[in-house]
Amino acid sequence: MNTQAPHMMSDRQPIRQLDDAAANRIAAGEVVERPASAIKELVENALDAGAVRIEISYSDGGKTLIRVLDDGTGIPADELPLALSRHATSKIDGSDLLNIHSFGFRGEALPSLGAVGRLTITSRFDGSETAARISVNGGEISPVQPAALARGTVVELRDLFHATPARLKFLRSDRAESSAINDVVKRLAMAAPDVGFVLRDVTKTGAGRVVFRADPETGDFASSLRARLRGILGADFTDNAIEINAERGGILLSGFAALPTYSRGAAVSQFFFVNGRPVRDKQFYGALRAAYSDVLTRGRHPAAALFLSCDPEQVDVNVHPAKAEVRFRDPALPRGLIVSGLRHALAGSGHRASGTVGQETLNAMRPQAPVYQYQRSTQNHQYVPPPVTTGGFAEADTWQSGRVEPTPELEQNDPTDLPLGAARAQLHENYIIAQTQTGMIIVDQHAAHERLVYERLKSQMQNHGVAAQVLLIPEIVELSADDHSRLMEHVEALASLGLSIDSFGEQAICVRETPVILGEINCKNLISDICDQLSDDGSSGIVKEKINAILSSMACHGSIRSGRRMSAPEMNALLREMEATPHSGQCNHGRPTYVELPLSDIERLFGRS
Ligand code: ADP
Ligand code: MG
């Protein structure tokens, strides 16, 4: 094995110009990393050519065959050899690299593919009587020949990397490569909702298996995008997503972002586009996380498809070999726009209980078997109500044991016309049932109260600092030396949050004041949660986010726990406060604080409509 570092080579040779074939292979190393990147380049070419339908086929994870067919403008026969030569492009004239409106502009993809695979291009230029074909194999270009094709272009790439076995070895299993192809095609399909896509795996049979299909969508961008996202991410996403429209400093942010209640266990549904180009830029993922930091717990990930558009001059797309990253002239601008645009939209939708949750609830309540069933008992034929499988809502003993609060008297000013309605009952000492004009609401009182306390803490914090109460007897809390020093770094910040602590030796602290709003709390648990927040290096170091995370832990400690009975006026007061508080549709951990069951659905449940 040669362990010598490349820069230590001593047998220096004179500088010389590499021939085209070598130069192309080097370029290919940057542009074509795997079958999915070849497909990305070819589909982008089809989109640049104005295609309305694009059909993509592959075999063996794209290793043996890739074919992309489009109905775009086509390439004139006499330009086919040029299409295969490096730095030859029809998309820019080279005078202004900061004014790019197409996916391609470097003229590198086709020559690179021709250097690492067997490439054939068949094309019929718009208005031309005939089609023509050109092939390249290991850098050897064939003469242009007549061919048959009704319109558009077909590019076929066989045996990718056959000439560079070392690179072939770096490819992953067919399955992994197929899934990368799928991902690339879906991202491009999101970028172009008005274009139809078919993706086929033709490994086994000639006809192939369609692994993805999206018909061209019509209408304005928002509605065609919504339809396209529905096809790709599922109705669950679009039903729970809010439309985003924001602007700052000449950058527009649009697209869809899911409510926190539709969060994911991994960051799998996060898509960004800059001037229509799919990008995977770390700065945007970070901004998205920050935007949701207030409403999602650690380990949950937001889902969104977001489009940034601006004057091409504001963004350099020529900073990454595969153009997966971009550089904004002012990088703080898109980040700020994403964070504030999403926060604003999420706050506005704070009262939209997740539709999925409501639907899941209904499904859970919907009896599987016929509603009325007779069960044969040993004694006689006796009616036995079907077992209720889920939800504290209808557990049999609730009603018998009389744990239901007496239904409050209808007040003069009947609050059923308010969004969260009039409280009618409390079940299992945690669920408030309220009647609205169009259905019913079930509130998780603990989750709701936690959110309210959090929002109150935040607004106190913003206005004049969180009010503190002095403990009659200061409490000593023991902790690790690590946690101790972390806490000590934040003594002042914590004091502004209503939590005054002193050092008490190296492995203990003394708690002197706690936030009034929390009432009586378990200091030890609160301190331990705060230590967790401070050591959480997953959250960014931004002080404001840390403070919010701490406030969120505090709120959790100060909330009405489930298991507390509430009077009717107390319950109604809670509902009214929820209505008046932003974000109160989700608890601090992104779970819904209430679900809404429309009367129409309840009626369907009972076969009434
Ligand atoms: P770039 O896209 O950067 O221009 P490529 O090597 O990908 O470079 O393509 C070279 C040229 O070939 C393009 O500029 C375009 O004129 C032509 N071309 C490639 N693919 C297609 C296609 N599917 N339809 C029409 N023209 C194409
Ligand atoms: Mg291209």
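The values are calculated or read from the model by the stated rules, or taken from the named source; none is laboratory data. It should be emphasised that the depicted structure is a prediction, and the values quoted were computed from it without experimental measurement. Heads up, the Cβs are rebuilt from the backbone with ideal geometry, glycines too, and the neighbour counts pull from every protein chain shown. Only protein heavy atoms, including side chains, enter the accessible area calculation; ligands, DNA and RNA are left aside. Shrake-Rupley method; radii C 1.70, N 1.55, O 1.52, S 1.80 Å.
When Lys and Arg each count +1 and Asp and Glu each count -1, what net charge do the other residues less than 12 Å away from residue 504, Cβ to Cβ, add up to? After counting each charged neighbour, the total is -3.
Straight-line cross-link reach from residue 524 at under 21 Å between alpha-carbon atoms covers these lysines, not counting any fewer than eight positions away in the same chain: 546. Here the calculated FRET efficiency for residue 602 and residue 428, from their Cβ-Cβ distance with R0 = 25 Å, stands at 0.80, rounded to the nearest 0.05. Rolled with a 1.4 Å probe across the full set of protein chains, the surface gives residue 488 an accessible area near 50 Å².
What is the antiparallel percent of DSSP beta bridges lying wholly in the stretch 221-348, to the nearest 5? Bridges in the stretch 221-348 are about 80 percent antiparallel.
Residue ranking by accessible heavy-atom surface, 1.4 Å probe, largest first, among 570, 492, 108 comes out as 492, 570, 108.
Derived value for the stretch 176-320: Kirkwood hydrodynamic radius 16.4 Å. Basis is the mean of 1/r over every pair of different alpha-carbon atoms.
The distance between label points at residue 22 and residue 438 comes to 7.1 nm (points 7 Å beyond Cα on the Cα→Cβ vector). Note that the stretch 128-256 presents 51 Å² accessible area per residue, ligands and nucleic acids not counted, probe 1.4 Å.
Counted residue by residue at 0.36 nm each, then reduced by the alpha carbon distance between them, the extension gain from residue 145 to residue 347 reaches 66.6 nm. With a threshold of 18 Å on the Cα-Cα distance, the over-threshold entries among 63/91; 63/323; 40/323 are 63/91; 63/323.
Taking a straight Cα-Cα cut-off under 16 Å and skipping sequence neighbours fewer than 8 places away in the same chain, the aspartates and glutamates within cross-link reach of residue 282 are 316, 325, 330. What FRET efficiency would be calculated for the residue pair residue 489, residue 313, taking the C-beta separation as r and a Förster radius of 51 Å, to the nearest 0.05? It comes out at approximately 0.70.
Sorting 125, 606, 272 on solvent-accessible area from highest to lowest, probe radius 1.4 Å, gives 606, 125, 272.
In this structure residue 292 has an accessible area near 0 Å², from a 1.4 Å probe over the protein heavy atoms.
Averaging the sequence gap over all C-alpha pairs within less than 8 Å and six or more residues apart, then dividing by the number of residues, gives the stretch 221-348 a relative contact order of 28 percent.
Treating only the Cα positions of the stretch 20-214 as identical point scatterers, give the base-10 log of I(q)/I(0) from the Debye formula at each q in 0.09, 0.13, 0.16 Å⁻¹. Relative scattering, expressed as log10 I(q)/I(0), comes to -0.30, -0.65, -1.02. Computed over protein heavy atoms with a 1.4 Å probe, the carbon and sulfur contribution to the accessible area of the stretch 20-214 reaches 51%.
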